[in-house]
Structures are given as C-alpha cells and as structure tokens.
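The values are calculated or read from the model by the stated rules, or taken from the named source; none is laboratory data. No experiment lies behind these values; they were computed from the predicted model shown. A quick note on method: Cβ atoms are made from the backbone with ideal geometry, for glycine too, and the neighbour counts reach across all protein chains shown.
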C-alpha cells in the first residue's frame, strides 16, 4: 500500500549572506489517510518550513535543495507551478496560525469561501453558494446564510478560525495541514476548535499533519508524533510511545519541562543551554551541545533514524531505556 | 501566613470608547470592574484568565501605568492611589475618601479602623487636629519622595523580551539605569551591582557591554528580570513573563523566578493565561473573567475543589500532555462577550452550563465559602 503522502529526505536551506541555514535537513515521514501525524518542535526546529516545503510555499532566500514529496505516488516537487496550484487547496489544504492573516479583510467570508469552491470544483456561483453555506454550518457558525455577507473583522478569533477551516475543507482535500491553528486562541476557544477539527477529520477520513509546540494539544489529537529539533526529525512513533517511553533525550527532557495542570511537579526539569543557532551547523546531532547523554561518537557522526520498537524510530546513539 | 504587602480594593478601570469627528466618548470598556484581593509577603499570587479578562489591566493599574478609575491600591499600609494624580485630583481624592468620613464619624472611629485607615485617622485627629487642609498637606508633603519610593518597590517583567528592552542601550545601561536614577550607587559601584545581578539571573557579567539584539529570547527575558530586580523591589509583577518563550526555555525561566524569589525574598504577582504555569508557580490564585474576580483560593484548594463553573471549564479545557487522559472536556459555547456591554447579572451566565434564571438578573458577589476560598457564583460547585 502506498502512503497518501510520503516525504523523503526533504531538505530546505536558506541562503543568507551570513551563511547557509539548514532549516529542514533530510526529513522523511509518511502520512496515511484517516491519520493525524503531529509534528512537535520549538521555534526554529523547522516544523513550519517542512510543511511549507510540502506545499511549495518556500520563498527566496529559501530553497528546497533535495528530496521528494510524493502525494499519491506523484512527486510534487517536480510539478509545474500551474499543476501545483491545482493541488493546493484541492488535494492538500492548509490552515495557518493567524486567521486574520489568512483571510482577506476586503472580501466577505462568503466570497472567499466561494472563490475556492468555484476555482477547484468548477461549480457555478449558485451551487458554490449552497456549498459555502453548507460548510459554514458544518463548522458550527450560527446563521450561516447571514454570515456569508460578513467581513472577517466582524468575527471573533475562534469564529475566524472556523471560517478558515471551512475554506480548507470545502473541496474535500485528502490531506489537511494545520500549522499551529489554535496557538493564537484562548484555551476555552482552543478546546472548541480542537474538538471540531477532530470531529471533521474523522468524518472525512482526512490525513492530517498537525503542527504545534504544545505537547498537550499533540497528546489529545495525534495518532503518531514526529519530534523535530534543529531542522531534523529526532524521534517518531505512536503517540503513546512518544509520551510514555520517549527514547530521545530531547523528547524526554521536553516532556519533563512542561508544567502540568493535572499534577504538581516539585521542580521543573529544564533543558540547559539555548536552542541551536542554525548557521552553518556541523553534520552532527543538533541536540549535541545540550545533551546530557552524549557519547564521544556523537561528536564525529550523525546518528540515523533507527527503529527501536515497532513503529518507533529514534535518531540517537545513546537512547533512553 | 505572611503580612499583607499589597491590598487592592474595589479596583475599577474603564477606558473610554471614542467615536466621531469630535472624538466624543460613546461608551466605556469596563476592563476591570471592582476587583479586590490581597497579596502577602513573599508569596506568589497568580492572576489567571483569558484574553480580555482584565488581568493585565489590573497589573498595569497597580503600577499606575494606568490611572485607576476608582478603588484603592494600598502598599504596606500606605494608600498609594493618589500618588500619581495631579495635585488637585489628589486633594479631591483624599478629601472624598478620608476627610469626609472622618469628620462625619468623629474621633471615635479611630478605634474601629485598622490598617491604612487607622493610620490616616490618627494623623487626621492627632497631627492635623481635624484640619482637612493640614491633613491633606501632610499627606502630600513628600509626594515626590513617595512616588520615587513606590517606583523602586514595585517592578514589572513584561511579556515580550523583544520589545521591552531598548535596542539602543547596552545591557549595563538597561539594568543599571534604575540604580543610577535612584542614587543607590554610582560609577564603579553601580557597575559592580549590575554585574552581581546579571550573574544572579545567569547572564555572564562580561556580556554587559552587549546590545539586546545579541541575545536570544530566553536570555533577553533574563535581562528583563535583572532590570526588575536591580532596585531590590518588594513586589514584582510578572505579566505573561514566560508566554513568549519556548517550552525548554520557559522551564528555565520559571525555575529562575522561583530561585530568585527565595534568595531575594520577593513577592510576585504572576499574571498569565496559562493555568498550568500558574499552578506551578503560585501559592494563591485568582481567576478573572470579563473584568471580575470569579474565584480566589489557595492553589491546592482551587485545584482540588474548584467551585466556579468557569474555573472548572477552564481547567478541563487545557490539553494535558498525556494521551490516555483524554478526559471529558467541558466545552463552553460561544465567545467571551464584549466588556463594553457586559451581560447583566453574572457576566458568565450566557456561556455557563448551569445558569438559571437568577443568574441573568442578580450579580453574584465574591464571598467566602470557608477557609479563605472566595467564589462569585449563585451555585458554587454546581459543575464538576
């Protein structure tokens, strides 16, 4: 069985005057339909650039230098821009962090929904209108027909994000990429949106890439998790494996450094040092300078992803037991 | 339990909504609408709520970065409310708040009062001999001094480590400015002080000639903390001090704040939207919703026995980094209403799963339900 989306050795570098930033370095993963893959990492870990590369939205000075993005067996990196436009929004849709940035303030919500539907589905305006109203209703916007004529500023943050979700799902995409969709929202609204996304994902059996830095959100939505650090994927596994038996020292320390609502921790374990500066990094494990378990071997070569138990991969010479 | 260092009484802050060519005031944003709480010496008081609940406004008003609309802010048995008013307004405030009451009640009132009221009453009846003018002039006498002292004792750490440091100053000036302004030390001695503080927060002293842009976010936040501590303040208000930081850096800063509190005997007001962080760092927690304090209790008590439905919903809405704990979430319908036109009665009633008729009519008062657990709800504990 071929995966719905397969990323192989994807590398995106930014060529700056100061040097080369390897924002994404040989990242590989697969996504099946009806599955949520969570990508977790801190600022600068390369999680956003990874999905932007999949959508081919990386701009100069960034460049995809190697790798393959296979969508249903077809390499997206080899498509013409014209063909790619037919993929974006129709086959692979994306939800961004800030709903105010992804909606055009000068057009009504209805126009923006219908634009997508008319372009990709080839519906006439009447049919597109029906579909748009149906979508707004689906994402839980009250009085959808009235709201079709509203402008984005008339909506609250949570409602705007619902509109963005409606647009993303309006053409029945096979893959949905969500880049920190709830980060800008309040917790009670975040809970609403998470619930909605889970529900819709299950209903449409969409394959979803869910990107966040919030471990709590990942735990509640993802089936599998990929942990990124310094442009590389360092660990990948089923959600339970990642949360209950993390193998990479970074994952383990990250999980221990989060304050919890559900229990009192005496002292937070913190990861010493700073996140890596990404300029002209040597080809070793990016976590090396902060790692308490490093070996001499770590200074010489880069560990590869190794399967330590079924479905559970880790990039480390000295993984946790 | 420590002494009360800061007391906020019935704090109200409205912002005008202006419209039209003449910028007429057409309404008021009721950002903070009658909030009271006490902060005790060397504790961390957590203030938690969603955006727009007024938690930041409370912090800014305590520091008089906003002028309060009404209410009192008492620091160490001194009413600081009028400190930053213009003279005429300060006179009016003192007259309205104290003189009128003292004159009406007579000297017998002294015995019944406590804290700042008692102190002021004693000044009024003994030193000023019931002369309002004398009384006011005594209070306003050393106002400059009082203001300076207030600024020294109350400090703030801001959320954004990028915009809160002047990009054109070197670290030594950022941290040392207060030391020089308040004439605590000068020249070489000031420099030594800056060095010690920087080392306290984990920045190597030889970095002090650098500019903010040479530091990472976490390091910048450390510099912001050093600046706040440079004057050995009594109370430090941390307004979303770790919200902008990455997870691994956030835990470093939280631990640093805890260590510094122990070493420097600090009192914190920790303002955050993140209940998990607040739970970790605070001793007592106040939960705010739409300009009101809805629940206030000891941390342990609040988490084991939350009584206000909003607190319960807020707690259940937070995703926990543990996949098997996919608990039943209480999803609140709708959005937070506008503080320009807050709902009648209990401000939470339109979203409350257990609201009854009375909730839309009568505003519940914040009352003690035992053991210092305060809650403003007609049906406390009705939602679990």
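Take the conditions more than 14 Å from chain B (Cβ to nearest Cβ) and under 25 Å from the mean Cα position of the chain (by Cα) and apply them to residue A:120. Does it pass? Show your work before the answer.
Values: more than 14 Å from chain B (Cβ to nearest Cβ): yes; under 25 Å from the mean Cα position of the chain (by Cα): yes.
Answer is yes for this residue.
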Open item on the list: I'm trying to understand the selection: among the residues of segment A:3-31, which are more than 12 Å from residue A:69 (Cβ to Cβ) and assigned to a strand (DSSP E or B)?
Closed with: A:13, A:14, A:15, A:16, A:19, A:20, A:21, A:22, A:23, A:25, A:26
- [ ] Taking the options B:237, B:253, name whichever one is modelled with pLDDT of 90 or more, within 14 Å of chain A (Cβ to nearest Cβ), crowded, with 24+ Cβ neighbours inside 10 Å and in contact with a helix residue (DSSP H, G or I) (Cβ under 7 Å, 6 or more places away or on another chain).
- [x] B:253
TODO: Please determine, by comparing only the residues of segment A:231-252 that are buried (at least 23 other Cβ atoms within 10 Å of the Cβ) and in contact with a helix residue (DSSP H, G or I) (Cβ under 7 Å, 6 or more places away or on another chain), which one is nearest to the other protein chains (Cβ to nearest Cβ).
DONE: A:242
- [ ] Please enumerate the residues belonging to segment B:147-163 that are surrounded by fewer than 18 Cβ atoms within 10 Å (Cβ to Cβ), outside any helix (DSSP H, G or I) and in contact with a helix residue (DSSP H, G or I) (Cβ under 8 Å, 6 or more places away or on another chain).
- [x] B:162
Task: Qualifying position, being in contact (Cβ under 8 Å) with a residue 60 or more places away in the chain, surrounded by 24 or more Cβ atoms within 10 Å (Cβ to Cβ) and either facing chain A (nearest Cβ under 9 Å) or in a helix (DSSP H, G or I) (or both), among B:278, B:287, B:294 - done: B:278
- [ ] Determine, yes or no, whether residue A:284 is more than 24 Å from the chain's Cα centre (by Cα) and either facing chain B (nearest Cβ under 9 Å) or over 25 Å from residue B:320 (Cβ atoms) (or both).
- [x] yes
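Where in segment A:32-121 are the helices (runs of 4 or more DSSP H), entirely inside, with at least 3 residues that are under 22 Å from residue A:16 (Cβ atoms) and at pLDDT below 95?
Ranges flagged: A:47-54.
Residue-by-condition table, conditions (1) surrounded by 21 or more Cβ atoms within 10 Å (Cβ to Cβ); (2) away from every other protein chain (no Cβ under 12 Å); (3) at pLDDT 95 or above; (4) touching a helix residue (DSSP H, G or I) at 6+ places or on another chain (Cβ under 7 Å):
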residue	(1), (2), (3), (4)
A:126	no, yes, no, no
A:139	yes, yes, no, yes
A:149	no, yes, no, yes
A:170	yes, yes, no, yes
A:212	yes, no, no, yes
Open item on the list: So the check is Cβ under 6 Å with 6+ separation or different chains; which pairs have a first residue in segment B:317-337 that's within 7 Å of chain A (Cβ to nearest Cβ) and a second one that's at pLDDT below 85 and surrounded by 19 or more Cβ atoms within 10 Å (Cβ to Cβ)?
Closed with: B:318/A:261
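Considering each residue of segment B:34-60, count those that are in a strand (DSSP E or B) and closer than 19 Å to residue B:76 by Cα, and give that number. Give the steps one after another, and end with the answer.
Of the residues in segment B:34-60, the ones in a strand (DSSP E or B) are B:34-40, B:44-48.
Then drop every residue that is not closer than 19 Å to residue B:76 by Cα, which leaves B:35-40, B:44-45.
Here the count works out to 8.
Does residue B:71 meet the test of being assigned to a helix (DSSP H, G or I) and under 29 Å from residue B:16 (Cβ atoms)?
On the way: assigned to a helix (DSSP H, G or I): no; under 29 Å from residue B:16 (Cβ atoms): yes.
No: the conditions fail for residue B:71.
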- [ ] Go through segment B:108-125 and give me each residue that's modelled with pLDDT of 90 or more and over 20 Å from residue B:9 (Cβ atoms).
- [x] B:125
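Against the condition in contact with a strand residue (DSSP E or B) (Cβ under 7 Å, 6 or more places away or on another chain) and at the interface with chain B (Cβ under 9 Å from one of its Cβ atoms), how does residue A:222 come out, does it pass? Full working, then the answer.
On the way: in contact with a strand residue (DSSP E or B) (Cβ under 7 Å, 6 or more places away or on another chain): yes; at the interface with chain B (Cβ under 9 Å from one of its Cβ atoms): yes.
Yes; evaluated as a whole, the condition is true for this residue.
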